[in-house]
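The values are calculated or read from the model by the stated rules, or taken from the named source; none is laboratory data. Bear in mind the structure is a predicted one, so any value in this text is a computation, not a measurement. Here the Cβ positions follow ideal geometry from the backbone for every residue, glycine too, while neighbour counts run over all protein chains shown. With ligands, DNA and RNA removed, areas are computed over all heavy atoms of the protein, side chains included. Shrake-Rupley method; radii C 1.70, N 1.55, O 1.52, S 1.80 Å.
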Amino acid sequence: MNEIYKFPSGLRLAYKYSPAVRSVGIAVMTAVGSGNETAKNNGISHFIEHMFFKGTKDKSAFDIVEYVDGIGAQINAFTSKQTTCFYTLSIDSEAENCIKILSEILFESTFDKEEMEREKGVVLEEISMCEDDNSDVVLDLLAEGYFGKNPLGRTILGERKNIKSFTRDDLVEYIGKNYCAESSVVSIVGNIPFDKAKSLTEKYFEGKFSSNCKRNWSDVRHDTQKSALSKFKDIEQSNIAIGFPAFEYDSKLTMAESLVNTIVGGGMSSRLFQEVREKKGLAYNVYTYNSSYVNNGLLSLYIGTNVESVKKSVDCTLKLIEDLRKNGITQRELDRGIAQLKGSYVLGQESTGVMMRVNAKNVLFSDRIFDIDQKIKEIDNITLAQTKEVIDYSYDLTKASLAYIGKEPKCDVSKLI
């Protein structure tokens with residue numbers, strides 16, 4: 001049983017009954033992330049996510065985690081470009097205790113000034129940790145170049161100076177403007193009856209979010225422009241990222257795009273992995289992935305190689321893309337991609353943790369709950385013509401952006417593509 005229930009405030013409940021398991025996953029997702037920030041407050045969505053765990057009126061930060069551990073549950077959160085999500089996983093008998101603690105951290109957090117200062121140090125260390133992972137940094141640099149002034153080009157963690165400057169008033173004001181009932185979803189998946197899921201959501205969440213925030217929820221569509229950014233660092237591996245246009249969230253070609261991604265760079269049997277790594281030995285790590293947003297999308301291609309092989313690895317990749325644009329994918333690849341996609345979606349159905357997040361995002365941005373039978377039908381109906389449409393749109397080198405981090409190569413990085 002799948003169901004969406006809308007409360008008078010505008011808050012929505014996304015519900016999926018899974019009687020074959022003894023667990024319940026509860027996610028609270030709201031439509032705010034780094035893509036909604038300005039240059040001045042970039043990083044505030046993620047910092048707020050941290051601060052919701054730093055103490056409520058009745059519980060200290062330790063009390064919160066001790067409480068969750070004491071009932072054998074898990075609690076966590078994440079911030080993305082367009083969402084912030086808080087979630088728990090527990091045995092079915094502890095569902096109310098879990099939804100209660102989620103409600104407490106979201107509506108009763110005190111944002112103590114001393115805790116804020118300590119957590120600023122934690123987030124600054126998180127930024128430092130991420131800066132040491134150049135394979136991640138190059139993808140952030142790619143987003144910066146590809147999206148330009150669009151907020152989607154900013155990092156989720158934000159700028160150090162911003163983190164240091166945030167005040168309690170900044171957090172409270174931001175939450176009041178962005179954590180709204182009409183842009184939030186409570187997603188409950190697992191062994192719990194619908195009536196109980198509804199009554200718990202009503203008891204702990206209905207009427208507690210801000211309402212009618214009067215925020216413009218329509219995210220600005222980005223017009224792609226070619227760019228090339230580089231940072232030369234004395235490190236052993238050269239990190240190359242190439243970005244292409246991709247379809248927006250919930251596009252009619254989303255599944256065809258996922259299939260093409262699987263064939264081109266989505267696994268060990270993909271064209272990129274086989275050609276760049278296995279046959280030519282030019283890179284250890286090479287892959288592609290899609291990022292779909294409201295009104296926007298980015299297809300990222302990553303190559304990790306040595307400085308001597310930078311041009312060779314990019315040239316090999318560009319030759320593969322040229323062949324892809326000219327000849328498309330084969331029927332055999334289409335059949336394999338369909339099988340891979342169906343397998344990943346069906347296996348994902350067995351995880352309450354996966355499904356609570358999938359349902360939350362689906363309802364949040366499309367007002368539809370995930371339907372596995374409909375999804376399989378959609379995958380089975382992917383055609384070679386659709387994949388050609390995806391290839392023509394996405395793998396367009398005239399709209400490609402490049403980012404590079406590593407030792408300065410002999411070639412001109414700005415002219416690699």
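Annotations
- Peptides 348-358, 51-61 ranked from most to least packed by the mean count of surrounding Cβ atoms within 10 Å: 348-358, 51-61.
- Here the accessible area of region 219-286 is 48 percent carbon and sulfur, with a 1.4 angstrom probe and all protein chains present.
- Cα gyration tensor, region 253-310 - rounded (a/c under 1.5), prolate or oblate: oblate
- The base-10 log of I(q)/I(0) for region 136-274, evaluated at q = 0.16, 0.22 Å⁻¹, reads -1.18, -1.33 [Debye formula, identical scatterers on Cα atoms, solvent excluded].
- For the peptides 286-293, 405-412, residues were scored by their other Cβ atoms within 10 Å and the scores averaged per peptide; the highest-first order is 286-293, 405-412.
- Per-atom-type breakdown for region 300-417 gives carbon and sulfur 49% of the accessible area (1.4 Å probe, protein chains only).
- Mean accessible surface per residue for region 29-103, computed with a 1.4 Å probe while every protein chain stays in place, in Å²: 35
- Net charge contributed by nearby residues that have their C-beta within less than 14 Å of Ser414 (K/R +1, D/E -1): +3
- Rolling a 1.4 Å probe across all protein chains gives Arg168 an accessible area of roughly 90 Å².
- Distance between modelled label sites at Glu131 and Ser251, nm, 7 Å Cα→Cβ extension: 3.5
- Where the Cα pairs of region 307-395 fall when distances are cut into 10 Å bins, in %: 14, 31, 29, 21, 5
- Cysteine residues of the chain whose C-beta has no other cysteine C-beta under 4.7 angstrom: Cys85, Cys98, Cys130, Cys316, Cys411.
- Taking every Cα-Cα distance in the chain and sorting them into 10 Å bins from zero, the calculated P(r) comes out as 4, 20, 28, 26, 16, 5, 0 percent.
- 10 Å binning of all Cα-Cα separations within region 1-134, expressed as whole percents from 0 upward: 11, 35, 36, 16, 3
- Probe 1.4 Å, accessible area per residue of region 120-217, Å²: 47
- Alpha carbon Rg of region 348-417, scaled by the compact-globule rule 2.2 N^0.38 Å: 1.77
- Extension reserve of the Lys113-Lys231 stretch, reckoned as 0.36 nm per residue once the Cα distance is removed: 38.8 nm
- Ligands, DNA and RNA left out, the 1.4 Å accessible surface of region 1-65 is 55% carbon and sulfur atoms.
- Mean separation of Cα contacts under 8 Å, 6 or more apart, over the residue count of the chain: relative contact order %: 23
- For the peptides 63-71, 195-203, 87-95, residues were scored by their other Cβ atoms within 10 Å and the scores averaged per peptide; the highest-first order is 87-95, 195-203, 63-71.
- Region 119-197 and region 321-357 have Cα centres spaced 28 Å apart.
- The largest accessible area among Lys6, Lys81, Lys326 belongs to the first residue in Lys326, Lys6, Lys81, and the rest follow in falling order (1.4 Å probe, all chains).
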